[in-house]
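We did not get these values from a lab; they are worked out from the coordinates using the rules stated. Because the structure is predicted, anything quoted here is derived from the model rather than measured. So basically every Cβ, Gly included, is an ideal-geometry build from the backbone, and we count neighbours across all protein chains shown.
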Amino acid sequence: MRMKILIIGSKGMLGTDIVSEISKTENEVIGWDISDIDITKEEDMSKIEKESPSIIINCAAYTDVDKAEEERERCCSINVTGVKNLVDICKKLNIPLIQISTDYVFNGEKEGYDEDNKKNPINSYGQTKAEGEDLIIDNLKKYYIIRTAWLFGKNGKNFVETMLKLFKEKEEIKVVDDQVGCPTYTKDLAKAIINLIEKDYGIYHITNSGKCSWFEFAEEIKRLTTSNCIIHPCKTKEFPRPAKRPKFSILNNNKIENLQDWKDSLQEYLKI
Ligand SMILES: NC(=O)c1ccc[n+]([C@@H]2O[C@H](COP(=O)([O-])OP(=O)(O)OC[C@H]3O[C@@H](n4cnc5c(N)ncnc54)[C@H](OP(=O)(O)O)[C@@H]3O)[C@@H](O)[C@H]2O)c1
């Protein structure tokens with residue numbers, strides 16, 4: 001059935017790829033970003049009512065993890081109040097909400113998290129994303145919560161771009177080797193999200209396959225780009241940051257087909 005899919009946060013890293021992937025399907029796509037709708041404003045929800053979409057994909061979020069520690073109120077306004085406004089309009093229109101969430105809802109003490117594991121965030125960003133999830137779970141029947149991690153894509157600031165810049169500027173760099181996760185290509189994630197629309201409602205963990213530390217991720221970028229920069233492994237405590245980071249960010253996918261290995265996706269991304 002042809003759907004009218006509204007993407008909010010359509011100019012962000014993931015939102016851009018979702019709009020582009022949906023445009024290749026028979027569905028109608030509407031992409032809105034902050035200049036079209038501010039999800040923190042209840043009054044803006046009437047615009048959604050007028051448009052009358054069949055489903056909403058919310059990619060809009062406050063995503064600066066370190067800044068969130070000092071800007072907690074603003075972060076909360078987007079990641080909690082904004083989600084509440086979307087929950088209310090989805091309920092009113094009786095349409096499903098797809099919400100993008102994060103590995104940061106967990107504390108990272110466990111070496112892999114299942115979809116139904118208890119949330120226990122360790123920083124402000126994670127707390128607000130967890131609260132947003134709870135609002136959805138408590139108030140909607142038709143929802144998909146998609147937790148993902150370590151995103152890279154061509155339309156946003158990400159680790160791959162940071163490394164490519166550093167490789168050009170420095171002869172030696174240090175990268176932490178005591179945080180483990182799974183790099184995830186936004187294009188792969190976008191396709192998986194579209195396929196999900198036919199599946200049962202609920203919580204899903206979607207990342208590329210495999211795992212690595214940030215150091216191993218950097219080494220693979222170096223290998224694929226034949227850079228000469230020397231990368232030294234180091235520990236998180238050598239790089240104090242305002243927000244605490246989870247040690248293990250592995251999200252076990254127990255519900256859908258696995259995506260390709262992150263190394264294959266990285267190779268694809270670097271060829272663009
Ligand atoms: N990046 C990652 O590594 C990562 C990992 C796990 C989960 N996630 C989740 O994945 C989703 C997408 O992340 P992303 O990295 O693609 O984010 P992003 O690039 O920061 O994009 C978010 C978009 O939302 C817009 N926005 C911000 N506040 C808004 C508001 N009040 N109303 C409407 N739009 C607003 C932003 O506009 P401005 O740029 O003008 O603020 C931006 O275009 C988020 O839910 C994030 O929590 C991301």
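Which residue out of LEU166, LEU151 is farther than 22 Å from GLU73 by Cα and surrounded by 21 or more Cβ atoms within 10 Å (Cβ to Cβ)? Unique residue meeting the criteria: LEU151.
Kindly establish whether LYS11 is surrounded by 16 or more Cβ atoms within 10 Å (Cβ to Cβ) and either more than 14 Å from the ligand (Cβ to nearest atom) or over 15 Å from the mean Cα position of the chain (by Cα) (or both). Don't jump to the end; show me each part of the working.
Numbers: surrounded by 16 or more Cβ atoms within 10 Å (Cβ to Cβ): yes; either more than 14 Å from the ligand (Cβ to nearest atom) or over 15 Å from the mean Cα position of the chain (by Cα) (or both): no.
No, not satisfied.
With respect to the numbered conditions (1) within 7 Å of the ligand (Cβ to nearest atom); (2) assigned to a helix (DSSP H, G or I), which one is the sole condition not fulfilled by SER77? With (1) within 7 Å of the ligand (Cβ to nearest atom); (2) assigned to a helix (DSSP H, G or I) applied to SER77, the lone miss is (1). If I filter region 23-56 down to residues being more than 15 Å from the ligand (Cβ to nearest atom) and more than 17 Å from CYS90 (Cβ to Cβ), which single residue comes out as surrounded by the most Cβ atoms within 10 Å (Cβ to Cβ)? Out of the qualifying residues, it is VAL29.
Here is a yes/no grid of residues against (1) more than 11 Å from the ligand (Cβ to nearest atom); (2) in a helix (DSSP H, G or I):
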position: ASP88; (1), (2): yes, yes
position: LYS119; (1), (2): yes, no
position: GLY126; (1), (2): no, yes
position: GLY132; (1), (2): no, yes
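Which one of these is in contact with a Pro (Cβ under 9 Å, 6 or more places away or on another chain) and in contact (Cβ under 8 Å) with a residue 60 or more places away in the chain: TYR201, TYR269? Testing whether each residue is in contact with a Pro (Cβ under 9 Å, 6 or more places away or on another chain) and in contact (Cβ under 8 Å) with a residue 60 or more places away in the chain leaves just TYR201.
Taken as a whole, region 125-133 holds no residue that is over 21 Å from ILE193 (Cα atoms), surrounded by 15 or more Cβ atoms within 10 Å (Cβ to Cβ), in contact (Cβ under 8 Å) with a residue 12 or more places away in the chain and more than 16 Å from the chain's Cα centre (by Cα).
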